[in-house]
Amino acid sequence: MEINIVKKKLSKVKTRVAYIYPSTYDAMITSLAPDFIYTIVNKYEDVYLERFTCRRLYGLEKEPRSIETNSKLGDFPLILTSLHYELDIVNLVRLLQAGGVEVFSSKRRNQVVIAGGPAVMENPIPYSDIVDVFIIGEVEVTLPRVLEFWLEYSDNKSRFLEAVSSLKFIYIPGLTHNTVLREYVRDLNSSVYPVRQIENIEVEPIYGRGFKLEVNRGCLFHCSFCLESRVFQPYREREFTVLKSIIEEGLKYTISGRRVVLYTPCFPVTSTHTRLLEYLVEEGFTASLPSLRLGPRLVDSLELIKLLGQRTLTIAPESFSNLAQFVFLKYTGLIDYVVMLIKSILDAGFNLKLYLVYGVKGLDQVELHRDLEILREIVKYAKTKNRRVTVALSPLIPKPHTVFQWIGMLNRDALTSQLRLYKSSLRGLVEARLYDIDLGIVQAQIALSPRPIGELVSLWAMHGGGLSGWRRAMREFSGRFSLDYVFSGYQFEKELPWGFIRLNNISEKVTRSQYEVARRFLCFQK
């Protein structure tokens, strides 16, 4: 049973909006984005937004029904969705197919599909024969303007598309011919916040129950591989007094007691972050923290974090290779310092989850062995402290707007060889959770695609999604989809397929300069 849902009489509603969250229900109630969308749309008295999710991530979906009124997807003239990463697209299509909604935008007469989210902002081209309208920007300052056009032109799809295409943050295939400028919230302190968050008495979110609190948006750092630091720039944080007010208001509606789940891409890195931790401890809260940024402020905050009930800290050093760090630009030249801080965390009594990346093109075996040597040192040190370390190991997946759009991905055989080395070196020493190499390649194929892939995705969805469904679809499309751009990358001097998307001028300049740095440190052929 859910609480904090919105109920409206359909007879008094001018337009109904379906929101498809292209994953499972428990993933939806874990994410904060659906709460923003639900709050923003349903504040319109004559608009009713209802939610749809996948029952499962693989196989054929049953006919989807809205959570609020058990309505069919075909009952909604407007469908919103947010693609948080590339593989979400097949779940969107699976739900459209199961709901009897035409998948291809060129054939869809009476319904409009609008998409936003990080995967859209990086490169909308792969989805451009499925989605009618792409929102390039943050929901608080974009969706209300789109809805105003919809309320005026909802009875005429072509007029709506023409009207909404005038917005500079909108991309409509076939109608948009100019540069698309990402729109973002200038001041988080004065922007809307969803304090009445949907919770379910019977279903627990992935990170546990708690009031979801977005502390800041964007990142103070600009790691060369990171998409999020590009699509959510510049760094903005809510003032402590605003955060305190949001928490106090949220407590009126939550069933989770005095527990908060913090959402932030870099934490703790400012005095506001420290003050927030102090306040939560003073007021008797417990908390779930995100991946933490290594630094002196984290070390100084360890006792506060322990008092909040956190027993395992998640850290993403990415690599213990100095050369890799010079390319990633995360902890450049600081490996000894990073190891010292990690040992300090273990000394303080925490378990650790480490996120590591392998498969940097041009990194030699010496660097790989150095990475493993330090990792083994940390794991052995943890055992002396009776602490547990788990490792999440992923191949490097190139994304648009990062240096790896030009460098490309290491080929599958080389990735498999490197993964085999990690597995053999860590076997019996540490629990390692491995991200599937082929799934990484699929992500890159979609993210970097220079053309629409709706036909492939539609077939993929018919085969039930998942990796096996992708393989079947690719076999049937044999020879029609080249993976060259995934592994070779794009030419540095040439215009990129998604070059018409302008996230911001600073990010573009920084990325180009970072690529020049990578070329000096890595040995790869172009």
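Within the range 7-45, the set of residues being surrounded by fewer than 17 Cβ atoms within 10 Å (Cβ to Cβ) and within 19 Å of GLU140 (Cα to Cα) comprises LEU32, LYS43, GLU45. Of all the residues in the range 289-303, those that are surrounded by fewer than 20 Cβ atoms within 10 Å (Cβ to Cβ) and touching a residue at least 40 places away in the same chain (Cβ under 8 Å) number 5. Checking every residue in the range 59-71 against the condition of being touching an Asp or Glu at 6+ places or on another chain (Cβ under 7 Å) and under 23 Å from ASP438 (Cα atoms) gives zero matches. Meeting the requirement of 1 or more residues that are within 20 Å of the chain's Cα centre (by Cα) and within 27 Å of ASP155 (Cβ to Cβ), the helices (runs of 4 or more DSSP H) wholly within the range 1-106 are 33-42, 88-98. Of all residues in the range 258-275, those being out of contact with any Leu (no Cβ under 8 Å at 6 or more places or on another chain) and closer than 17 Å to PHE232 by Cα number 2. Of all residues in the range 363-376, those that are among the acidic types (Asp, Glu) have Cβ atoms under 6 Å from Cβ atoms of residues that are assigned to a helix (DSSP H, G or I), 6 or more apart or on another chain, in GLU367/LEU323. For the range 462-497, the set of residues classified as of a type in the set (S, T, N, Q) and either under 25 Å from ILE407 (Cα atoms) or touching a helix residue (DSSP H, G or I) at 6+ places or on another chain (Cβ under 8 Å) (or both) consists of SER482, SER488, GLN491, listed by residue number.
Conditions (1) touching a Leu at 6+ places or on another chain (Cβ under 8 Å); (2) over 17 Å from ILE37 (Cα atoms); (3) not in a helix (DSSP H, G or I), marked per residue:
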{"site": "PRO144", "(1), (2), (3)": "no, no, no"}
{"site": "LEU147", "(1), (2), (3)": "no, no, no"}
{"site": "PHE160", "(1), (2), (3)": "no, yes, no"}
{"site": "ALA163", "(1), (2), (3)": "no, yes, no"}
{"site": "LYS212", "(1), (2), (3)": "yes, no, yes"}
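Quick grid of which residues meet (1) of a type in the set (Ser, Thr, Tyr); (2) surrounded by fewer than 18 Cβ atoms within 10 Å (Cβ to Cβ); (3) touching a residue at least 12 places away in the same chain (Cβ under 8 Å):
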{"position": "SER166", "(1), (2), (3)": "yes, yes, no"}
{"position": "TYR171", "(1), (2), (3)": "yes, no, yes"}
{"position": "GLY174", "(1), (2), (3)": "no, yes, no"}
{"position": "GLU183", "(1), (2), (3)": "no, no, yes"}
{"position": "PRO194", "(1), (2), (3)": "no, no, yes"}
{"position": "GLU204", "(1), (2), (3)": "no, yes, yes"}
{"position": "GLU214", "(1), (2), (3)": "no, no, yes"}
{"position": "PHE225", "(1), (2), (3)": "no, no, yes"}
{"position": "SER229", "(1), (2), (3)": "yes, no, yes"}
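The combined condition, being within 25 Å of ALA98 (Cα to Cα) and of a type in the set (Ser, Thr, Tyr), is not fulfilled by TYR44. Among the residues of the range 316-332, those that are surrounded by fewer than 24 Cβ atoms within 10 Å (Cβ to Cβ) and touching a Ser or Thr at 6+ places or on another chain (Cβ under 7 Å) comprise ALA316, GLN325, PHE326, PHE328, LEU329. The sole residue among THR254, THR312 that is loosely packed, with under 15 Cβ neighbours inside 10 Å and at negative phi is THR312. Highlighted here are the helices (runs of 4 or more DSSP H) found entirely within the range 360-466 that include at least 1 residues which are at pLDDT below 95 and surrounded by fewer than 17 Cβ atoms within 10 Å (Cβ to Cβ): 365-384, 412-426.
Inside the range 282-328, can you point out the residues that are under 26 Å from the mean Cα position of the chain (by Cα) and in a helix (DSSP H, G or I)? Of everything in the range 282-328, those that are under 26 Å from the mean Cα position of the chain (by Cα) and in a helix (DSSP H, G or I) turn out to be ARG297, LEU298, ILE305, ALA324, GLN325, PHE326, VAL327, PHE328. The set of residues in the range 468-481 being exposed (fewer than 15 other Cβ atoms within 10 Å of the Cβ) and either within 26 Å of the chain's Cα centre (by Cα) or in the same structural domain as ASN91 (by TED's automatic domain parsing) (or both) consists of SER468, ARG471, PHE481. Put simply, of GLU140, GLU148 the only residue that is surrounded by fewer than 20 Cβ atoms within 10 Å (Cβ to Cβ), of a type in the set (Asp, Glu), over 15 Å from THR81 (Cβ atoms) and touching a residue at least 40 places away in the same chain (Cβ under 8 Å) is GLU140.
Can you find a residue in the range 213-220 that is at pLDDT 95 or above and farther than 27 Å from LEU356 by Cβ? Within the range 213-220, one or more residues are at pLDDT 95 or above and farther than 27 Å from LEU356 by Cβ.
The values are calculated or read from the model by the stated rules, or taken from the named source; none is laboratory data. This one's a predicted model, so the numbers in the text were calculated from it and none came from an experiment. Cβ coordinates were reconstructed from backbone atoms using ideal geometry, including for glycine residues, and neighbour counts include every protein chain displayed.
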